Amino acid sequence: MLNIFTLANGRLFQEEIESLEELSRFQPVWVDLEAPTPEEKRWVKQYYGLSIPEDAMDEDIEESARFYEEGNGDLHIRSDFLVAGGEETRTVRVAFILNLTNTALKSHGVLFSIHDEDVPVFRLLRLRARRAPGLIADAKEVLLKLFDADAEYSADTLEGIYDELEKVSKQVLSGEVTDTLAGEALEAIARQEDLNGRIRRNVMDTRRAVSFMMRSRMLTAEQFEEARQILRDIESLDNHTAFLFDKINFLMDATVGFININQNKIIKIFSVASVALLPPTLVASLYGMNLQFPEVEAFGRAAYPYVLVLMAASALVPMWYFRKRGWLR
């Protein structure tokens, strides 16, 4: 899908392009290629003179491979954007090419973005730019606003993590925790830990991209200050992710502790039962010997009930003692 975005009256307007001829009708500030076909790549190369690298979506992590400036002045940035919600949380790699030197593209330049699927941050920026006049001034502003929206999206997701952990915390700390409830809590905690880690990695990647833009000296004084504000926001998100990791570890330890307590209760029951059954076993072993016992002869036919009562009493007395000491609770 090939979409172009133009500025009109300070607002950003989107147009979907379906032929090469339509490109000549617009002067875009942003050209977005979502899962582009070879034909759409050919249109971009033919009209804008821009060749999209074959390795644009590679998973390189070296800074020299992800952030660099070509000899013609084009800036290449590869950044990851978070996609949260639904059954799977993931990151989407987006390749940006910021062209500021092509005179055919006018003075504001053009930002080209290539990605395999739609990104929530892109939708958020499109919505804001349509409603807020003057939000976007040029291609550099588009890229900065995308990174700003990415930081805000990460912040919103972190708030969602905190809400989910609060629910787990109430379940774990409010009362009796069964093994089933503990298993569900551990599953929920593991999901939030994974999401928190992805957010931390995502904001780290955004920080690297914004820092590269600041080092490139292409930003105006106002845009440079905006970039610094984005970095300050990201720093606060780092602190919040660290806080959530501590909370996750606490809940994980608490849940595992309750599991151990439940297991100890079971072991205690078996231990008490085995100790309580030792005296009856001793009585049965004693009177089971092939000997003559005076008390048995004295009881006569009542000897058998006497032995049964003695065995029951020898089991009940330890149980009464254990209960009195509180060992059965």
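Since every read-out is calculated from the coordinates, none of them should be taken as a lab result. Just so it is clear, the model here is predicted, and its values are computed rather than measured. Positions of Cβ are generated from backbone atoms using ideal geometry, with glycine treated the same way; all protein chains shown enter the neighbour counts.
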Inset, instruction - Could you point to the label whose value was computed as Cα Rg over 2.2 N^0.38 Å for the structure here, given [x] 1.77; [y] 1.17; [z] 1.05? - result: [x]
Inset, instruction - Quote the charge dipole size of the chain about the Cα centre in Debye, to the nearest 20; the model charges only the Cβ of Lys and Arg (+1) and of Asp and Glu (-1). - result: 1660 debye
Inset, instruction - Please name which of Ala227, Met204, Trp43 has its Cα lying farthest along the dipole of segment 2-261 towards the positive end, using unit charges on Cβ (Lys, Arg +1; Asp, Glu -1) and the Cα centre as origin. - result: Ala227
Inset, instruction - Answer with one residue from Asn249, Met289, Val168: the one whose Cα lies farthest towards the positive end of the charge dipole of the chain, charges on Cβ with Lys, Arg +1 and Asp, Glu -1. - result: Met289
Legend entry - Cα-centre dipole for segment 183-261 with unit charges at Cβ (Lys and Arg positive, Asp and Glu negative), debye to 20: 400 debye
